[in-house]
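K.L.:
Sending over a structure as structure tokens; questions will come in a sec.
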Amino acid sequence: MRIGELAAAVGVSPRALRYYEEQGLLRPDRTPTGHRVYPESAIERVHLIRLLLAAGLASRTIIDILPCLATGTIASAQLEMLKTEQVRIDSQIRSLERARERLADLISTSVVRDQAS
């Protein structure tokens, strides 16, 4: 599929896909005329890239772990890095849960008043 088709399938801009390519996260094939062509598996890969980026992983970290997903094997250094990322994400989740609880308290205890124009 072409870059526009992949972009539409995953809900990102072609520019984002080109950025992922620049970062080494995505490697399309090229037609003889230079157009990018992606396999169907690129849809799942882009979803994973976006998920990991949203979780706060750096592009370099994602590049290091993507081969592990394909092979099912991981080096001990990569495993330690993933454990560190997991701890960091768990901490972020706890912080977000505390923020959600504070907002829920504020919502449930606040009195609504109209704003004066």
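K.L.:
Got a sec? Charge dipole of the chain, +1 on Cβ for Lys and Arg, -1 for Asp and Glu; which of Gly24, Ile74, Ala55 is way out at the positive end?
P.N.:
Toward the positive end, the furthest listed residue is Gly24.
K.L.:
Once amide H atoms are built 1.01 Å from N in the peptide plane, which residues 5 or more positions from Tyr38, or in another chain, come under 5 Å H to H?
P.N.:
Arg2
K.L.:
In whole Å, what are the Cα extents of region 1-73 along the three principal axes, biggest one first?
P.N.:
35, 23, 19
K.L.:
Relative contact order (percent) for the chain, with alpha-carbon contacts under 8 angstrom and 6 or more residues of separation?
P.N.:
About 19 percent, as a whole number.
K.L.:
Between Thr73 and Asp114, what length in nm is gained on full extension when 0.36 nm per residue of separation is reduced by their alpha carbon distance? Write out the running numbers ahead of the final one.
P.N.:
Numbers: separation 41, 0.36 × 41 = 14.76 nm, distance 5.91 nm.
Result: 8.8 nm gained on full extension.
K.L.:
Let me ask you something else. How many angstrom lie between the C-alpha centres of region 1-29 and region 50-71?
P.N.:
Region 1-29 and region 50-71 have Cα centres separated by 16 Å.
K.L.:
Mind checking the angle between helix 76-109 and the chain's longest principal axis? C-alpha axes, 0 to 90 degrees, to the nearest 10.
P.N.:
The angle comes out near 30 degrees.
K.L.:
Charges only on Cβ, +1 for Lys and Arg, -1 for Asp and Glu: so what's the dipole of the chain about the Cα centre, in debye to the nearest 20?
P.N.:
Details: 16 positive and 14 negative charges, 49 e Å.
That gives the chain a dipole magnitude of about 240 debye.
Values quoted throughout were computed directly from the atomic coordinates according to the rules given, and no laboratory measurement underlies them. Remember, predicted model here, so these are calculated numbers, not experimental data. As a convention, Cβ positions derive from the backbone with ideal geometry for all residues, glycine included, and neighbour counts pool all protein chains shown.
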